[in-house]
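Data block below; observations after.
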């Protein structure tokens, strides 16, 4: 699955592939699935601020590990285009990188990288909706 997103006047390709998790681990030394789970904090924050019609507090923003989000974006872009340079060099090639606008666009690619879909999944005899991170333990 691929998607092209305009960022700072450039068309940037992103791609989901089976190797995303390993590429992430090789580049950043961190587990892709663990870091994806951190995105749940961002989702909860977004829901809360929208529900309360307010801006996020300093403490809420400080608690987010935004490096994870940039790393995920880089891996998806690197998978689509192997000529993309190292993460910091790539990010510096943009005057602006509106992460909060880009992340919702990348959600389906992240889900595809993990093999999730909206289908029902039978996990240990239980039917569950497979629309978010689901780890069958």
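Values quoted throughout were computed directly from the atomic coordinates according to the rules given, and no laboratory measurement underlies them. Source: prediction; values computed, not measured. Here the Cβ positions follow ideal geometry from the backbone for every residue, glycine too, while neighbour counts run over all protein chains shown.
Find the eigenvalues of the gyration tensor of the Cα atoms of the range 2-129, then list the square roots of 5 times those eigenvalues as equivalent ellipsoid semi-axes, largest first, in whole angstrom.
Details: eigenvalues 115, 96, 40 Å².
After diagonalising the Cα gyration tensor, the semi-axes are 24, 22, 14 Å.
Residue 81 to residue 66: extension gain in nm, 0.36 nm per residue of separation minus the Cα-Cα distance? Mind dumping the intermediate values first?
Details: separation 15, 0.36 × 15 = 5.40 nm, distance 2.28 nm.
Once the chain is fully extended between residue 81 and residue 66, it gains 3.1 nm.
So what are the range 39-109's ellipsoid semi-axes, whole angstrom, largest first, if each one is the square root of 5 times an eigenvalue of the alpha-carbon gyration tensor?
Details: eigenvalues 138, 34, 21 Å².
The three semi-axes for the range 39-109 are 26, 13, 10 Å.
Rank by packing, highest mean first: peptides 18-31, 45-58, with packing defined as the count of other Cβ atoms within 10 Å averaged across residues.
Details: 18-31: 14.8, 45-58: 10.6.
Packing proxy ranking, top to bottom: 18-31, 45-58.
Each label point is 7 Å from the Cα along the Cα-to-Cβ direction; what then is the distance between the points at residue 89 and residue 57, in nm?
With each label point 7 Å from Cα toward Cβ, the separation is 4.2 nm.
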